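The structure appears right after this line, and notes come after that.
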Amino acid sequence: MRLLLYVAVMALLPPLLAQQQESDLDRYSDSARQALAARKWSDAVQALEHLARLAPDVPQVHANLGLAYFFEGRPANALASFEKAQKLNPGLAQVQLMIGLTEAELGRCSEAMSALAAGFDDRSDQDMNKLSGLHLLRCYSELKQPDKALSTGEMLLARYPADPEVLYQVSRAHAERSSDLMSTLLRTAPESAWTHYANAQVQESLHHLDNAAREYRLALERDPGMAGVHYKLGRVILDESRAPEALERARHEFELESKTAPNNADAEYELGELDREQGRAQAAVGHFARAIQLHPDFLEARVGMAKTLLGLGQAAEALPHLQVAARLDPNDKVPHYLLASAYKTLGDSDQAAREFEVYRKLGTDDPSAVSQNPGSGHN
């Protein structure tokens, strides 16, 4: 795939020898310089092709012609020009790297690897470094060396964390690796618990909840002790229905998860939320406490605990949980609304006003969406 990145021109055309100062040479030389500087690759190709015929022994002409061919999407022509330039001057800067990049474009990854690796190691030119890394990533993938591809991807992310093309290409490499592994799983163990678990997640992502629930149950038939599956099944049940019968079925799955995997903070949180919503405040406090003990930075569990404590009239006990929640996600307005309520209950009107102002600045839609009664309502 052609990578739409622009690099600095390797070298401007050298001054022409005195005997070459003919009008057509001057004209094409000026046109080539201007086109290269403006990244007008088609115009550059036309001018440089004329120059290559008029000055066939000038290596920079062929190197720049190769560059123009490369970015015009003509790698075969580019390779021929770069090889000609290298033959005329083996030491010409960046030609070897451009040969490697062009070979990669032509699918000759084995031949390109040495030059690409050297280009990625050389960080003196950021654009060339990124271009080398992206081609190296693709070539490792094509050569079925996923460990090296993903390692290269992580280095690209470290160097260019906000570059859109880097983000896309690295995510694509991970997706391809994931797809390969899933294909192997389906081929080698089609009826395993893990295959059914993977199928369930796919169905859940498509919001085919009945199918997802069926696949989670098949996973449990094959491995009743598989951690996480009861929790996922409980979540699917809740996503499908909030009817009383569905809530009890979901509760049963979360309870089974807590027995199967006692360190699952998510299951404890869900049990706490169900108890809170159904008015079993003390039971909810116990579940939220266990979730927080297992995962101290569990924001939702902190908020759930605070809502429950506020509902019990224990505003002072709710404060530390809300303060942690506000620190964990400064852009979440819910902890600030609840902090305002807690401070108001405690008689600290100044602090309550400050917290409500933070809530307002974060963007209030409708305060009732947070819950006018902080001790109830699903967050």
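Read the figures in this text as sums done on the coordinates, not as results from a lab. Values in this document were obtained by computation on a predicted structure and should not be read as measured data. Counting neighbours? That spans all protein chains shown, and the Cβs are built from the backbone with ideal geometry, glycine included.
What to note about this one:
- With neighbours defined as other Cβ atoms within 10 Å of a residue's Cβ, the residues Met226, Met128 order from fewest to most as Met226, Met128.
- Kirkwood estimate for the chain, i.e. one over the average of 1/r between Cα atoms, Å: 26.2
- Summarised as an ellipsoid, region 112-161 has semi-axes of 17, 13, 7 Å, derived from the eigenvalues of the Cα gyration tensor scaled by 5 and square-rooted, with the largest first.
- Taking the chain and dividing mean pair separation by its residue count, relative contact order in percent (alpha carbons under 8 Å, at least six apart): 6
- Diffusion coefficient, µm² s⁻¹, Stokes-Einstein with Kirkwood Rh over alpha-carbon pairs of region 293-344 at 4 °C and 1.567 mPa s: 122
- Calculated FRET value between Gln293 and Ser42, using beta carbons and R₀ = 41 Å, to 0.05: 0.05
- Candidate lysines for bridging to Lys232, where Cα separation is under 21 Å - those fewer than 8 sequence places away on the same chain excluded: Lys259
- Estimated FRET transfer efficiency when R0 is 45 angstrom, pair Asp30-Lys144 (beta carbons, to 0.05): 0.40
- Cα-based reach from Lys87 at 29 Å (exclusive), listing lysines while leaving out same-chain residues under 8 positions away: Lys40, Lys130
- Two-site FRET efficiency, Ala246 against Leu362, from Cβ-Cβ distance with R₀ of 25 Å, rounded to 0.05: 0.15
- Sequence of Thr102, Thr195 once ranked by neighbouring C-beta atoms within 10 Å, starting from the fewest: Thr195, Thr102
- Computed across region 18-185, the Kirkwood hydrodynamic radius from all distinct Cα-Cα pairs reaches 17.2 Å.
- Translational diffusion coefficient (Stokes-Einstein; Kirkwood radius from C-alpha pairs) of region 262-363 at 4 °C, 1.567 mPa s, in µm²/s: 96
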